[in-house]
Amino acid sequence: MAATSHFRTPFNGYSVKFSPFFADRIAVSASQNFGIVGNGHQYVLRRELNALNNNNTNNNNNNFPHSGPATLPLVEEARFETADGIFDCAWSEESENVLVSASGDGSAKLWDVSRPPFQNPLRSFNEHEAEIYTVSWNPTRKDVFLTASWDDTIKLWNPRENAHTRGSLKTFREHTYCVYAAEWSPHHADVFASVSGDCTLKIWDCRKNHSTLSIPAHDFEVLCVDWNKYNDCVVATGSVDRTVKLWDIRNPKKELSVLRGHGYAVRRVKMDPFDEDICYTASYDMTVAMWNWKISNTTSISNTLGLGEGGERGVQPSPLLRQWRHHTEFAVGLDVSVLNRGELASCGWDSSVQVFSNHGPDPLPIL
Amino acid sequence: MSNNNTNNAMKRVERLKTHFVVSAPLLNNESSTTNNSFVERQETSFFSSPFGSSKHPDDVVIVCALRTPITRARKGGLKDTTADDLVATVLAAALRETENINANDIGDVVVGSVLGDSSQRANECRIGMFLAGFPVKVPVRTVNRQCSSGLQACADVASAIKAGYYEVGIAAGVETMSKNPMKWDGGFNPKAASVTNAQNCLIPMGVTSENVAAKWHISRETQDAFAAESHRRAAEARRNGKFKSQIVPVVTKIIDKETKEEKEIVVSEDDGIREGVTVENLAKLKPVFKKGGSTTAGNASQVSDGAGVVILCKRSYATKNGLKIMAKWKSFSAVGCPPEIMGIGPAVAIPDACERAGVKVSDINLFELNEAFASQASYCVNHLKLSKDIVNVNGGAIALGHPLGATGARCMATLLHEMHSRDASCKLGVVSMCIGSGMGAAAVVERE
């Protein structure tokens, strides 16, 4: 299905996440005034998949001007409001109605979509001393999540076990500057990766107090990280240096490949759940891109010098497969559906949320 | 609490700004999607909101812009003043105006100069610097891009600051057309005859004006009306003391033509401006460059003496030293055009500079568009669809004079002082001029 959907948040978009339970459910985090000062909104949106059939016949006025392949309505199912901006969110892996938000005031807030607004948030985890930038729910152990904060630490939480203590399970202190992201490995229940403004990528086993590996990954701040879903040793990092680097953590001396093409910092990187070779990025250059990371710029350069294997001299296959320009401001949030192959969602400071397919038509900018 | 919020907000802005420290291509073989205007885009959409500012510590800003009076060559108050004295006068005044600048911090002094003998003029600038009391460690050089030399000097200093060569520098311009008339040394290269554009570089400026007038049907009446308006505006500005804050009086000597007697004078006003010039007076003048032509001594810029100075620095330097920031330097562009119609230069350079600044030509609040000739200035105003109310509001080179190398700096001083005499809605300004041999230059500044 190649239908696109769009939604406009009054605030500026920061994060978008597909529900792991329902193909039509999407969480969106947004912040007032670009997240610099003001309130936050945590949305849960629903894509009206059934609307596709009658949409083309009698519901045309609902369509966005590009009539082509249908657009599906994206409607608000719930909206939670916070006093400070929200920078990220993550769905619970064990309860389909629960999600957690990362807030600018250093709190992580747990929401239940099935409960009325006055019963929300279910919990607020207040320990970080500065902004939380990302949250990651453990997809394997399902009962814990991580928060990465500008107070240079990462914290591990179990929302159920700690109901009486209201404290984190553990605090990971090793980064020397803002932690911009921490992401669970999809392969090992205790392993996660973190990236920081200190320019390092760290790999952790949460049973230990110190990281098991620290890689000086980029020359500039590292803003995002994701794990390959097929190869448990491959990690992608995106940086202010505008590149994405792919790492084999067994051989941290040198990256596997470098993906160049973005004009500004790479703000999100996501590995495809259906294809080992594919990853996606969202950048401050306002674009969303699709890459085959196994075609590396470095490989192609060595090919042209006649040093690499295969490839004719002068032929440089580009790892950049596709680039979308539907955002008119920084593209900040990006997710890939684990339920529908090739389905992507992005959001940005232009306040638009867009759902589209990696093999479908380009979504249009919402003005 | 609100204080806390502000601190938090500032902290977030600072953090986010560091996400943009890399924006130029890192490697030769990179395909880059960056465009020049993006940084400004990002500023207008993000850093300017919600605080309404686009201030970054690495910005290049202007903290001082002054000029001498512009006087008529061979007749006016500065006719016997040497280039080094003019340079010394503006440099010393600029340092007096910005007393928090430690002269030892100044990374370079770049002086626009066109007609003076190149090597001699460079030496005169060094002498002028010492006459102004500069420390020996501060270097100096000249720059020559014809009529835009003073503006090019600003651009050179701005780019050196951006490159990190130094944090504060002085751009200046000087011309003594009384002593250094326009001339051509040696013969002409016969090869030029075979390349039209090369040949056309030899066309006298007045003839290029006639070409522009003929090509775009700019009538003698239009040109004379333009010239009369220039004098009217300049006269009114002088009468109302509008130039006072930008003019540095020159203490100098003048030699009486008859008696050869030398006497000390203070020149503190422009002397090319004529009160009461009318279209009718101007209509009586004969065309100079072409039989039946339309360019006269009355609707062309005056031959003049004068100097100007602009101090540029990094915003962080200005903040650290408590300097009052007049404007942010946003963009500069020099673009070529056919030599035989060199007067259209601003019409190509202004859109380019605006694009580089990420603004539209229609966003500009005030222009200093050098009036080399009424023909070309009228053409540029029409072509760019500019309102006459925001172009050369205090008159231009037809009334004030056009000391070639100094004009860019002179225009910058006139522009910035006028902008600061207006309310805060007057935000964006442009200085532009045409350049002999077929070019235009333009700079965009944002008033603070």
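The values are calculated or read from the model by the stated rules, or taken from the named source; none is laboratory data. What you see is a predicted model, and the numbers here were worked out from it, not measured in a lab. Glycine gets a Cβ as well: all are built from the backbone with ideal geometry, and neighbour counts include every protein chain shown. The accessibility values were calculated without ligands, DNA or RNA, using every heavy atom of the protein model including side chains. Shrake-Rupley method; radii C 1.70, N 1.55, O 1.52, S 1.80 Å.
Number of residues in segment B:72-108 that are in a strand (DSSP E or B) and either open to solvent by 40 Å² or more (accessible area, probe 1.4 Å) or within 26 Å of B:Glu269 (Cβ to Cβ) (or both) equals 1.
The set of residues in segment A:241-269 being within 14 Å of chain B (Cβ to nearest Cβ), among the aliphatic types (A, V, I, L, M) and farther than 23 Å from A:Ser136 by Cα consists of A:Val258, A:Leu259. Of the residues A:Ser149, A:Ser124, the single one that is farther than 25 Å from A:Leu334 by Cβ and among the small types (Gly, Ala, Ser) is A:Ser124.
Restricting attention to segment B:198-207, does a residue exist that is free of Cβ contacts under 8 Å to residues at least 12 places away in the same chain and part of a helix (DSSP H, G or I)? The answer is yes, given that some residue of segment B:198-207 is free of Cβ contacts under 8 Å to residues at least 12 places away in the same chain and part of a helix (DSSP H, G or I).
For segment A:112-144, the set of residues classified as within 19 Å of the chain's Cα centre (by Cα) and in a strand (DSSP E or B) consists of A:Ile132, A:Tyr133, A:Thr134, A:Val135, A:Ser136, A:Trp137, listed by residue number. For the residues B:Ile273, B:Ile311, the requirement of being closer than 18 Å to B:Val250 by Cβ and either assigned to a strand (DSSP E or B) or not hydroxyl-bearing (Ser, Thr, Tyr) (or both) singles out B:Ile273.
Taken as a whole, segment B:121-132 holds no residue that is closer than 27 Å to B:Ser301 by Cα, outside any helix (DSSP H, G or I) and touching a residue at least 12 places away in the same chain (Cβ under 8 Å).
Within the bounds of segment A:220-240, is there any residue that is away from chain B (no Cβ under 14 Å), within 16 Å of B:His19 (Cβ to Cβ) and surrounded by 23 or more Cβ atoms within 10 Å (Cβ to Cβ)? Yes - at least one qualifying residue is present in segment A:220-240.
When residues in segment B:223-239 are screened for being open to solvent by 10 Å² or more (accessible area, probe 1.4 Å) and either over 12 Å from B:Gly396 (Cα atoms) or touching a Pro at 6+ places or on another chain (Cβ under 6 Å) (or both), 4 of them pass. One residue stands out in segment B:240-258 among those that are free of Cβ contacts under 8 Å to residues at least 12 places away in the same chain and over 18 Å from B:Val309 (Cα atoms): the one that is most open to solvent (accessible area, probe 1.4 Å), namely B:Glu258. Take the conditions (1) within 13 Å of chain B (Cβ to nearest Cβ); (2) crowded, with 16+ Cβ neighbours inside 10 Å; (3) at pLDDT below 90; A:Ser302 misses just one of them, which is (2). Among the residues of segment A:177-192, just one is closer than 15 Å to A:Met271 by Cα, part of a loop (DSSP other than H, G, I, E, B) and open to solvent by less than 30 Å² (accessible area, probe 1.4 Å), namely A:Ser185.
Checked against the criterion of being farther than 23 Å from B:Cys411 by Cβ, free of Cβ contacts under 8 Å to residues at least 40 places away in the same chain and either surrounded by fewer than 24 Cβ atoms within 10 Å (Cβ to Cβ) or not β-branched (Val, Ile, Thr) (or both), segment B:138-146 has at least one qualifying residue.
Scanning segment A:154-167 for residues that are surrounded by fewer than 20 Cβ atoms within 10 Å (Cβ to Cβ) and either modelled with pLDDT of 95 or more or within 14 Å of chain B (Cβ to nearest Cβ) (or both) turns up just one, A:Leu156. Here A:Gly308 qualifies as open to solvent by 10 Å² or more (accessible area, probe 1.4 Å), of a type in the set (Gly, Ala, Ser) and either at pLDDT below 95 or in contact with a strand residue (DSSP E or B) (Cβ under 7 Å, 6 or more places away or on another chain) (or both).
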